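S.K.: Below are the structure tokens for one structure; questions will follow.
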Amino acid sequence: MTDKAKAERFMRCVANYEITSSVSVVTDDLVLTIKDPRGSLEARIRNIPRSEYTTPFLLSLHLYFEAPSLKEASDVADELLANCLNMLAFTTGSSFRKHRIRQIVDAEPAEGAMRNVHLWSEVIEHDDPQPFLQPEHAGSIERLLEFDVPPAIRRALRWYRLGIHAGSPDDQFTYFWFALEIVAEFQKPTAKVHDKCPHCQSALYCEKCEKHPEHRPYAKQAIRALMMAADAECDEATVDLLDKTRNSLMHGATLREIESALPDPHESVVDILGKILFNALVRQFPKEVVNGAYMGLPSTYLHYKVNAYGHLRTVVPLDQEGHFDLEFKGFKMTMVPPGPPQSALPSQIRMTLEQYDRLRKLSYSPGDHQEMVKRIRVQEHDGYVYGLVLATDMARIRGALEKKEEGIWQDLFREILDPVGPKEV
């Protein structure tokens, strides 16, 4: 394809990123420009000054690039951004990580003033935790600590913890594999095994020695044996899938690059490996210690973030140097959380139909209680209405009743809670 034909198929775009970093540009008014000699990208980097220590320090990075369309521009930009951040980390020895993307603007020469813009919402930085920890967990940990865990298993448990925490599925898979290798090497059997034919898997035979060569299991064989023993659902196909995934990652590929050879979605290999590793780690503790222990296995090890973006046409101003001023005001997208931050389980309340009718009317009457009442999720059953009240809202209700506050909503909740009290769910 000629350069002209290629250029006709791609459009010029500019993306506005915010970057978390341990270093800053030496002055706030200096803009660093990085241009790929091959023309694939141009990055403009500057500080975002902050006035409060509670706000994280961020760099602004504007990335000029080409993409097949504005719809596909986000994926193209993220890949180019990763290359740029890799080189920044390599040349400075400092940390650089994508914080969020704010906009992608159609940077093609425009006939009029209007441009197509993809605008991302403000990110909810800290999700609520899953209320899960109970006294039974503390008791189970005390039971597990009765066992003197070997150093190798402690190292494997560390990699398991790091894998759970890692933000990238590629890193999660790699850390889980590190842990699996450590466990496999630790419990590798001493009994010798035969070399196998790569085609039919039968034992190889040496005609000169007139016997089947034997050796202690290789690391790969020990890992295979561990996976098969740890999970009854793990078969040869699963072992081969995980082994090939490991080889690809160790040779520089990413899960996205090999997704055609992986299950759909391709990140699910992380959960497959994580489950096998968890079972393998459990097997390292004596049965009498593990039996009856209160333990949890997540439905997924992956970390998902919810975000939203909109497509609009608007005027994008230029700065004095002719670059896009991507700090333009006038449009802002936000995601509204369902309520205040929560750390504990909601409470369940039970109401009569008449009490619920009064509660419903309160959600339409003005006052500082209105939003709190609207957040109560209800369901009718056996002639009663059951409601879920967020933990922070229930704390407010309890506080009002303990202080003997007077008011319509206080009197209603006093009537609802006094007979049976709230129940945590």
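S.K.: Kindly write out, for the stretch 318-329 in residue order, the coupling ³J(HN,Hα) from the Karplus curve 6.51 cos²θ - 1.76 cosθ + 1.60 (θ = phi - 60°), rounded to whole Hz, with x marking Gly and Pro.
M.R.: 10, 8, 5, 8, x, 8, 5, 8, 7, 8, 4, 9
S.K.: Using Cα-Cα distances under 8 Å and only pairs 6 or more residues apart, what relative contact order does the stretch 3-120 have, in percent?
M.R.: 35
S.K.: Next up: Using the Kirkwood formula over every pair of different C-alpha atoms, what hydrodynamic radius in Å results for the chain?
M.R.: 27.4
S.K.: Write down the Å³ per residue value for the convex hull defined by the alpha carbon atoms of the stretch 328-385.
M.R.: Considering the Cα atoms of the stretch 328-385, their hull volume per residue is 134 Å³.
S.K.: Along each principal axis of its Cα atoms, how long is the stretch 3-120 end to end? Whole angstroms, biggest number first, please.
M.R.: Largest first, the stretch 3-120 extends 47, 30, 24 Å along its Cα principal axes.
S.K.: Could you work out how much longer the chain between V26 and R313 gets when fully extended? Use 0.36 nm per residue separation minus the Cα distance between them, nm to one decimal.
M.R.: Details: separation 287, 0.36 × 287 = 103.32 nm, distance 3.58 nm.
Here the answer is 99.7 nm.
All of the numbers you see were taken from the coordinates with simple rules; none came from a lab. Please read these numbers as outputs of a predicted model, since none were measured by experiment.
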